[in-house]
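Note sheet for the following structure.
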Amino acid sequence: MCELGEHAGSVYQVSWAPPGTGTLLASVGSDGYITVWGRLSLPDQWHALHNQDLRKRGPARAVAWAPSEHGHVLACASADGSVSILQHTSAVWTDMAGPEHRWSCQSFQAHKGQANSVSWGSPEHTMPGGRISLNGARLASAGDDGVNVWFWRDEFKAWEAETMQASKDSQAIARDVAWKPWDETLASATRQAVFLWRLEASDDSANRSWRLVQQVPIGEEVWKISWSDIGGMLLVSCGEDQRSLFLKQQLGGEWDVMDLEEGGS
């Protein structure tokens, strides 16, 4: 067991780096910092590799690592509605202190209100020769004005928004968003329901559109959601006591809601 005490306030979320990128952990909190942690030679010894100061954007609400195909990259959602992309660019060896890690940070306005969550899509393609790149990277964000999806345009070095076919209901506060592994489906925690989004078929990668296809009523406020590794099932945290539910999709497309504590419903 090891206590990591770098933050000067509440820690809101932690995220493990994906396999293939080393034993790394990222944390964000009310102090407005992203801290990247690396493990030393012993399992219970950790140190802060990098502290990114985002205090001007308010508390850092959520953090998520990108797939390993994009390198050491993570996204952070902040209280001012921005999403920040922190990317490891190089490690320079010094004579005394060992490697000095260098990071770049790019922020963009993702929501009109607070940004609450971020989730990366699976990479669209692998770069030739295994080269690491953000090219083709996609990211979903949840905020006080709903859900947005972002696409990295390598030629412009910028994140561009994809079209969301939004309704009044879907523009309500979204507390969490989760991208289904290796699929073009999103789930969002919106008030007392889980919303399911699908990408409309299109040959134009620069003008893609998302459509709200289902609303699964939960009957209580939904706080967090996550997909199972194989897809097709969602773990949902809801209610004042933050109890856990499983949502399992039937062959016909409907969803069964199962209470883990009661053995199903």
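The values are calculated or read from the model by the stated rules, or taken from the named source; none is laboratory data. Since the model is a prediction, treat every value here as computed from it, not as a measurement. Please note: Cβ atoms are built from the backbone with ideal geometry, for glycine as well, and neighbour counts cover all protein chains shown.
Of the conditions (1) free of Cβ contacts under 8 Å to residues at least 60 places away in the same chain; (2) in contact with a Lys or Arg (Cβ under 8 Å, 6 or more places away or on another chain), residue 100 clears all except one; give me its number.
Single failed check for residue 100: (2).
Just checking, which of 228, 244 is surrounded by 12 or more Cβ atoms within 10 Å (Cβ to Cβ), under 16 Å from the mean Cα position of the chain (by Cα) and farther than 26 Å from residue 82 by Cα?
The unique qualifying residue is 228.
For the subset of segment 36-76 comprising residues that are within 15 Å of residue 2 (Cα to Cα) and polar (S, T, N, Q), which member is farthest from the chain's Cα centre (by Cα)?
41
Select from segment 161-174 the residues that are assigned to a strand (DSSP E or B) and in contact (Cβ under 8 Å) with a residue 40 or more places away in the chain and write down the one among them that is farthest from residue 209 (Cα to Cα).
Ranking the candidates gives 174 first.
Can you name the residue in segment 52-71 that is at pLDDT 95 or above and closer than 25 Å to residue 124 by Cβ and is also surrounded by the fewest Cβ atoms within 10 Å (Cβ to Cβ) among such residues? Break it down stepwise before answering.
As a first pass, look at segment 52-71 and keep what is at pLDDT 95 or above: 52-66.
So of that shortlist, the ones also closer than 25 Å to residue 124 by Cβ come out as 62-66.
Numbers: 62: 23, 63: 25, 64: 23, 65: 21, 66: 26.
Across segment 52-71, the extreme among qualifying residues is 65.
Mind listing whichever residues of segment 231-248 are without any contact (Cβ under 8 Å) to a residue 40 or more places away in the chain and not in a strand (DSSP E or B)?
Residues satisfying the conditions are 232, 239, 240, 241, 242.
Scan segment 3-38 for residues that are assigned to a loop (DSSP other than H, G, I, E, B), out of contact with any helix residue (DSSP H, G or I) (no Cβ under 9 Å at 6 or more places or on another chain) and crowded, with 18+ Cβ neighbours inside 10 Å and jot them down. Talk me through it step by step, then tell me what you get.
As a first pass, look at segment 3-38 and keep what is assigned to a loop (DSSP other than H, G, I, E, B): 3-10, 17-23, 30-32.
Filter again for out of contact with any helix residue (DSSP H, G or I) (no Cβ under 9 Å at 6 or more places or on another chain), leaving 3-10, 22-23, 30.
Of everything in segment 3-38, just one residue is assigned to a loop (DSSP other than H, G, I, E, B), out of contact with any helix residue (DSSP H, G or I) (no Cβ under 9 Å at 6 or more places or on another chain) and crowded, with 18+ Cβ neighbours inside 10 Å, namely 7.
Out of the residues in segment 169-203 that are among the aliphatic types (A, V, I, L, M) and surrounded by fewer than 22 Cβ atoms within 10 Å (Cβ to Cβ), which is farthest from the chain's Cα centre (by Cα)? If you could, list the steps in order and put the result at the bottom.
Step one: list which residues in segment 169-203 are among the aliphatic types (A, V, I, L, M), which gives 172-174, 177-178, 186-187, 189, 193-194, 196, 199, 201.
With the extra rule that they be surrounded by fewer than 22 Cβ atoms within 10 Å (Cβ to Cβ), the set shrinks to 172-173, 193, 196, 199, 201.
Numbers: 172: 19, 173: 16, 193: 19, 196: 16, 199: 18, 201: 24 Å.
Per the criteria, the residue is 201.
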